[in-house]
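The structure under discussion appears below in the form of structure tokens.
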Amino acid sequence: MSVSSSSIAPEHLNSSGCRIQYSESKGRGVYASREIPRNTVIEISPVLFFGKKEYEKYGKYTVLDHYTFKWKDGRMALALGLGSLFNHSNSPNVSYTLDPCTDSIRYRTARNIDPDEELCIFYGHNLWFDPVDTTVSVINPELEDGWGGLSAAWNDHDDLGKLSNSVDQNEIVDDHSLPFTMLKPPPEEEDLATVRTEALHLVLAWVVDVPESRQITTLLKWLKNSGSEDPSLGHLKRIRKQDGKTTLLLSVDPTPPELPVELELASPFQIPVPSSAALTLTSLSLKATFWPTFYAPKRKGEVEHWSRGKVEWAREAMKVVETEALKSQSENELPISAFMPASYGGGEDEKVAVAHDTRTSNSHPLRHAVLNLIRRVADLEVDKSSSSENGFNYLLTGRSVFLSHEPCIMCSMALLHSRVKQIFYLNPMRRTGGCGGVTCLPTLQGVNHRFEVFLWKEVVSKLVINEALDA
């Protein structure tokens with residue numbers, strides 16, 4: 001936070017659309033003077049260095065301690081130019097990277113910026129002040145698709161720095177520093193000039209009419225305790241009141257749920273409901289004609305932010321995939337593997353599973369790595385003492401899966417039916433792949449679940465197989 005005794009901000013001459021502005025709550029800060037596209041370099045700040053001993057003895061006891069970046073060799077760097085004026089935000093719209101070759105810090109927009117919007121970076125969690133901004137989510141962030149173009153090599157950016165003296169794994173990594181790229185976002189009907197009924201993605205869901213309001217509470221408790229709550233319906237409101245009737249949303253399972261007999265309710269029936277939240281008010285009004293839907297406006301071009309710690313988590317997971325694939329190859333199997341790590345930031349009790357292709361040893365055409373992994377996860381789930389968790393009936397709900405190869409159409413469908421959150425794969429399969437090759441299954445109209453697909457930037461040549469094979 002930049003504090004000044006003056007309330008008048010100086011003029012700043014630049015061509016990147018930035019200006020210095022004063023606010024009562026934060027002091028001086030950097031603001032956009034015009035629209036700035038995502039991934040635009042808005043500032044390159046040269047730095048002044050303090051030796052480690054010099055800083056420990058003097059610098060850390062001055063106001064400079066609030067403005068310095070930690071360099072890789074232990075020195076502390078003070079950013080010149082606009083670099084020391086970017087304020088903190090828990091939802092930053094600017095990322096930065098340290099450039100040891102030019103002794104400078106490069107600042108880049110993380111999303112599209114509106115005129116007069118403040119440009120902020122993320123200082124970390126060890127703040128010396130109370131942050132001004134708080135983030136209010138309109139809808140559960142798990143429902144955010146996060147589609148966007150991501151690319152570039154990782155190794156050139158091992159020097160990503162941190163504010164203050166601690167290593168901050170929550171620092172946001174620039175999109176172009178990520179080791180993967182996201183493939184084929186699904187078509188968003190809200191982007192159409194005119195939203196038409198036939199353009200909406202609908203799925204069949206089981207619902208039941210509830211004649212007495214007191215029965216609603218009993219049914220909601222039953223849904224939770226029986227593990228029947230369906231997280232894929234989180235974008236829809238649970239209850240609809242229409243034409244004097246109260247109707248409860250149950251599930252999208254193929255078979256109707258068995259309701260508590262003591263309630264003496266009518267049989268559940270199926271109706272079409274929207275498969276995603278409404279991104280625009282036009283879409284909201286149309287989707288609400290099918291079922292009450294949450295409004296989750298999404299800034300055009302906005303993508304999921306990846307922290308340094310989360311990127312490292314993904315890289316470590318992919319190392320496991322490569323090791324397992326090479327192990328499979330040494331056993332005269334196809335070098336194809338699959339790995340489900342614990343979620344980033346997840347609990348210690350989360351299940352972890354790894355598998356590889358065993359079609360050769362088992363003389364079985366269905367022993368693909370993905371199917372072996374799902375089967376292994378199913379075996380782990382049998383050991384659970386309780387089935388009251390959300391999404392228990394789906395094996396991969398909210399989980400990420402890392403693969404050595406793009407899954408075939410059969411395996412892609414198995415991942416979809418297991419409600420996987422996202423997949424990452426090393427080697428594309430142009431002729432047989434179901435997630436970017438011959439088709440991209442989670443983007444097809446009519447499927448009742450979507451998942452994110454990431455392609456690792458660098459193909460691992462020692463794992464390349466015949467593209468005519470199903471991985």
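The values are calculated or read from the model by the stated rules, or taken from the named source; none is laboratory data. Every value quoted in this text rests on a predicted model; they were computed, and no experiment measured them. Don't worry about glycine lacking a Cβ; one is built from the backbone with ideal geometry, like all the others, and counts go over all protein chains shown. Calculation scope for accessible area: heavy atoms of the full protein, side chains included, ligands and nucleic acids excluded. Shrake-Rupley method; radii C 1.70, N 1.55, O 1.52, S 1.80 Å.
What do you reckon, is ARG238 surrounded by fewer than 19 Cβ atoms within 10 Å (Cβ to Cβ), modelled with pLDDT of 80 or more and within 17 Å of PHE294 (Cβ to Cβ)?
Values: surrounded by fewer than 19 Cβ atoms within 10 Å (Cβ to Cβ): yes; modelled with pLDDT of 80 or more: yes; within 17 Å of PHE294 (Cβ to Cβ): yes.
Yes: the conditions hold for ARG238.
So which residues in the range 433-448 are open to solvent by less than 20 Å² (accessible area, probe 1.4 Å) and part of a loop (DSSP other than H, G, I, E, B), if there are any at all?
Within the range 433-448, the first condition is being open to solvent by less than 20 Å² (accessible area, probe 1.4 Å), and the residues that meet it are 433-435, 440-442.
Once the filter is applied, which keeps residues that are open to solvent by less than 20 Å² (accessible area, probe 1.4 Å) and part of a loop (DSSP other than H, G, I, E, B), the range 433-448 yields only GLY434.
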Spot the failing condition for SER2; the list is (1) touching a Gly at 6+ places or on another chain (Cβ under 7 Å); (2) at pLDDT 80 or above, and only one is missed. (2)
Close pairs from the range 327-351: first farther than 20 Å from HIS368 by Cβ and in contact (Cβ under 8 Å) with a residue 12 or more places away in the chain, partner open to solvent by less than 20 Å² (accessible area, probe 1.4 Å) and β-branched (Val, Ile, Thr), Cβ under 6 Å, at least 6 apart: none
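A quick yes/no check of all residues on (1) over 16 Å from the mean Cα position of the chain (by Cα); (2) surrounded by 13 or more Cβ atoms within 10 Å (Cβ to Cβ):
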| position | (1), (2) |
| --- | --- |
| LEU286 | yes, yes |
| GLU324 | yes, yes |
| LEU334 | yes, yes |
| PRO341 | no, yes |
| SER363 | yes, no |
| VAL370 | yes, yes |
| LEU373 | yes, yes |
When residues of the range 416-432 are filtered for being closer than 17 Å to ALA314 by Cβ and either hydrophobic (A, V, I, L, M, F, W, C) or not in a strand (DSSP E or B) (or both), how many remain? 5
Taking GLU324, is it more than 15 Å from ILE423 (Cα to Cα), in contact with a strand residue (DSSP E or B) (Cβ under 9 Å, 6 or more places away or on another chain) and assigned to a loop (DSSP other than H, G, I, E, B)? no
Run LEU127 past the list (1) modelled with pLDDT of 80 or more; (2) over 24 Å from the mean Cα position of the chain (by Cα) and report the number of the one that doesn't hold. (1)
Can you say whether VAL464 is touching a helix residue (DSSP H, G or I) at 6+ places or on another chain (Cβ under 7 Å) and open to solvent by 10 Å² or more (accessible area, probe 1.4 Å), as far as the supplied structure shows? no
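Take the residues in the range 411-463 that are of a type in the set (D, E, K, R) and closer than 24 Å to PRO365 by Cβ, then tell me which one is farthest from the chain's Cα centre (by Cα).
To start, the set of residues in the range 411-463 that are of a type in the set (D, E, K, R) comprises 419, 421, 430-431, 450, 452, 457-458, 462.
Filter once more, keeping what is closer than 24 Å to PRO365 by Cβ: 430-431.
On the way: ARG430: 25, ARG431: 28 Å.
Only one residue fits best here, namely ARG431.
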Could you list all residues from the range 241-256 that are under 17 Å from LEU219 (Cβ atoms), open to solvent by 30 Å² or more (accessible area, probe 1.4 Å) and not polar (S, T, N, Q)? LYS241, LYS245, ASP253, PRO256
Scan the range 343-358 for residues that are in contact with a helix residue (DSSP H, G or I) (Cβ under 8 Å, 6 or more places away or on another chain), of a type in the set (D, E, K, R) and open to solvent by 60 Å² or more (accessible area, probe 1.4 Å) and jot them down. LYS351
